[in-house]
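Undergrad: Take a look at this one; I'll ask things after.
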Amino acid sequence: MRYRIFFVLLVSVFSLSAMGQYFSYGGKLGLSFPGYQKERIASQRITTAFSVTGGLNFTDNFMIQAEIGYERKGNKLPPEYSDDPFDWVRGDTTFFTKSNLDYITFPVFAKFKIGRSNNFYFQAGGYYAYLLNAKLSGVKGGESITGENILPGLSRTDYGIVAGAGLETPIRRELSLLLDIKYNYGMKDLIIDPEVIGPSDQLRNKSFIMSMGIVILVD
């Protein structure tokens with residue numbers, strides 16, 4: 001039900017373009033630093049993320065923006081760290097992991113700009129994500145495994161909160177360069193099948209994304 005509500009919201013944002021002062025669209029490419037909220041140390045994962053974006057500018061300083069993108073989440077932890085999420089969800093053996101969770105993401109958020117030329121901005125909203133693929137690699141009980149499919153044990157959907165800031169610098173009248181930072185805080189427990197994943201406990205995503213992009217303005 002939640003993903004239907006999010007889809008209706010996404011469509012509504014784009015369908016209201018006539019109400020805005022002008023419309024903008026573009027793309028972003030960046031680095032993502034994902035992990036899980038249960039981890040007591042930071043994951044060592046560094047992955048890629050990219051998206052296409054469109055927004056309705058209601059004033060020079062306020063807009064509603066929606067994106068469609070790809071993001072690889074998961075974690076990567078060193079062998080000396082045994083208390084990672086896939087240790088306690090797997091059960092009685094020490095498990096050192098690298099997990100790959102590939103998502104199509106749909107963030108929608110409000111964006112507030114400060115300044116006239118170089119526009120600093122703040123953004124806040126929510127996201128919905130659909131899981132395409134989930135693999136696990138590592139060492140379990142002294143035995144190496146590579147690319148074990150864990151998709152059947154995970155929820156195909158995720159949702160959460162988006163917050164961030166950035167800088168939008170005009171190159172010319174219709175074109176601007178973006179420097180963007182964004183933090184995603186997952187609110188959905190990903191574990192749905194303990195028979196596949198192990199003893200159930202909450203497993204939620206988090207990620208920090210730094211990206212660059214371009215935005216084209218349409219009056």
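Undergrad: Pop a pseudo-label 7 angstrom from the Cα along the beta-carbon direction at both Ile161 and Ile68 and give the gap in nm to one decimal.
TA: Roughly 2.8 nm, to one decimal.
Undergrad: Moving on to the next point. Can you flag which of Lys28/Lys188; Lys73/Lys111; Lys73/Lys98 are past 19 Å Cα-Cα?
TA: As for pairs spanning more than 19 Å Cα to Cα, those are Lys28/Lys188; Lys73/Lys111.
Undergrad: Could you check the spin-label model distance between Met187 and Arg172? Points 7 Å from the Cα along Cα→Cβ, value in nm.
TA: 4.3
Undergrad: Now for a different question. Students often check this: by mean Cβ neighbours within 10 Å, which of 149-157, 63-71 ranks highest, and how do the rest follow? Write down the numbers at each step before the final one.
TA: Working: 149-157: 15.8, 63-71: 20.2.
Ranked from most to least packed, the peptides come out as 63-71, 149-157.
Values in this text are rule-based calculations from the coordinates and carry no lab data. Just so you know, these numbers come straight off a predicted model, no measurement behind them. Note that we place each Cβ from the backbone using ideal geometry, even for glycine, and neighbour counts take in every protein chain shown.
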